[in-house]
Amino acid sequence: MNKILIVDDEEAIQIIYTEELIEEGYEVVTTIDGSQLLELVAQERPDLIVLDIRLGQYDGLDLLQDIRNTYYDLPVILCTAYSIFKYDLKSIAADYYVCKSSNLQELKLKIKMALEGRKQFLPGRRLNDLKQMPSHWQSAH
């Protein structure tokens, strides 16, 4: 079962996301701010993070950079009510960008895509793919 960490300062959003994602078969952990985010990630070891951008005194884009500096291959989906941040250079480090909506279909789809992408590139996966390549491809690359 994949574990998803929801980082959002709105309790109602946390509740909705938690209920919906549990129904999809995910384990869900939530936090309201970024004060101890990296420690929480180390403790909970989520498979994916859904990160809000505006978190009270914390900036989700700065937290995204912190996550990337420590957990570079951990999928992160920015999920915010503000579409303007989509064009912020800092947001490029996210795997996906989703605008908050009452319909969670897009978020669920992006979660599924990010988790599938992670499975393809888990450590050792690329080596296994190379071992299965035809021998003439291995020597050419």
Close pairs from the stretch 97-118: first basic (Lys, Arg) and part of a loop (DSSP other than H, G, I, E, B), partner loosely packed, with under 15 Cβ neighbours inside 10 Å and modelled with pLDDT under 90, Cβ under 8 Å, at least 6 apart = LYS100/ALA81
State whether one or more residues within the stretch 86-101 are at positive phi and surrounded by fewer than 19 Cβ atoms within 10 Å (Cβ to Cβ).
-> no
Only one of these is out of contact with any helix residue (DSSP H, G or I) (no Cβ under 9 Å at 6 or more places or on another chain) and buried (at least 17 other Cβ atoms within 10 Å of the Cβ): ASP33, ASP9. Name it.
-> ASP9
Across the stretch 87-103, what is the number of residues that are among the aromatic types (Phe, Trp, Tyr) and modelled with pLDDT of 85 or more?
-> 2
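The values are calculated or read from the model by the stated rules, or taken from the named source; none is laboratory data. What you see is a predicted model, and the numbers here were worked out from it, not measured in a lab. So basically every Cβ, Gly included, is an ideal-geometry build from the backbone, and we count neighbours across all protein chains shown.
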